[in-house]
Amino acid sequence: MATIQAQTFESLDSPWPKGEPNTGYAQYFIGNSYLAPMDGGLVNVTFEPRCRNNWHIHHKQVQVLICVAGRGWYQEWGKEPVELKPGMVIEIPEGVKHWHGAAKDSWMQHLTYHKDVQQEGASNEWLEPVTDEIYNKLK
Ligand code: MN
């Protein structure tokens, strides 16, 4: 029987830092993720293989994702998943339910920042996990 070797972060050979364990938001993620605050108001997020965040909504702010390493997925509620590869930029409109994370067989890193942040009511609403039924259909 074939076994899948556990991949290390180093195998990604990324120029971007892994950062520190994302303990503050771990309750909203399946699997392990890491955060590395960067200059310019950017945060680099590192997802281990199979790691994804719960469905969530950014209220009164737009989230931008810039995939910089590995392979992953972005999906809006009711839409087909979009494969994330380095160089892809995703702009997530405010109020749209979505998730983002790594592919089954790859680490993934994306930079993120928020723009058009309204002074009143900007928040993140965390919802249900992305089930294995949904996730396991992805390649
Ligand atoms: Mn998001």
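The values are calculated or read from the model by the stated rules, or taken from the named source; none is laboratory data. Everything numeric here is computed off the predicted structure, so don't read it as measured data. Keep in mind that these areas ignore ligands, DNA and RNA; they rest on the heavy atoms of the full protein, side chains included. Shrake-Rupley method; radii C 1.70, N 1.55, O 1.52, S 1.80 Å.
What lysines sit close enough to residue 85 to cross-link, taking a C-alpha to C-alpha distance under 23 Å and skipping anything fewer than 8 places away on the same chain?
Within the straight-line limit of under 23 Å, residue 85 reaches these lysines: 18, 97, 104, 115, 137, 139.
Once amide H atoms are placed 1.01 Å from N in the peptide plane, what residues at a sequence separation of 5 or more from residue 33, or on another chain, have their amide H within under 5 Å of its amide H?
22
State the percentage of accessible surface on segment 35-135 attributable to carbon and sulfur atoms; use a 1.4 Å probe and exclude ligands, DNA and RNA.
C and S fraction of accessible area: 51 percent.
Which ³J(HN,Hα) values, rounded to whole Hz and listed in residue order, are derived for segment 15-29 from phi using the Karplus coefficients 6.51, -1.76 and 1.60 in 6.51 cos²θ - 1.76 cosθ + 1.60 with θ = phi - 60°, glycine and proline given as x?
Coupling constants for segment 15-29: x, 8, x, 6, x, 10, x, 7, 5, x, 10, 4, 5, 9, 10 Hz.
At 0.36 nm per residue, and after removing the present C-alpha to C-alpha distance, how many nm does the segment from residue 10 to residue 83 gain when stretched out fully?
Length gained between residue 10 and residue 83: 24.1 nm.
Got a sec? What order do 38, 108 fall in by accessible area at 1.4 Å, biggest, i.e. largest, first?
38, 108
If we restrict to alpha carbons, what Rg and Dmax does the chain come to, in Å?
Taking only Cα atoms of the chain, I get Rg and Dmax of 14.6, 56 Å.
Please list 99, 16, 77 in order of solvent-accessible area, largest first, computed with a 1.4 Å probe with all protein chains present.
77, 16, 99
Heavy atoms of the protein only, probe of 1.4 Å, neighbouring chains included. What is the accessible area of residue 104 in Å², nearest 10?
Here the accessible area works out near 70 Å².
Using protein chains only and a probe of 1.4 angstrom, how many square angstrom of residue 50 are accessible, to the nearest 10?
Surface open to solvent at residue 50 totals about 90 Å².
Most mobile of 100, 59, 110 per a Gaussian network model of the chain (Cα springs, under 10 Å)?
Evaluated over the chain, the most mobile residue of the options is 59.
Rounded to the nearest 10 Å², what accessible area does residue 9 have for a 1.4 Å probe in the complete protein model?
Accessible area of residue 9: about 30 Å².
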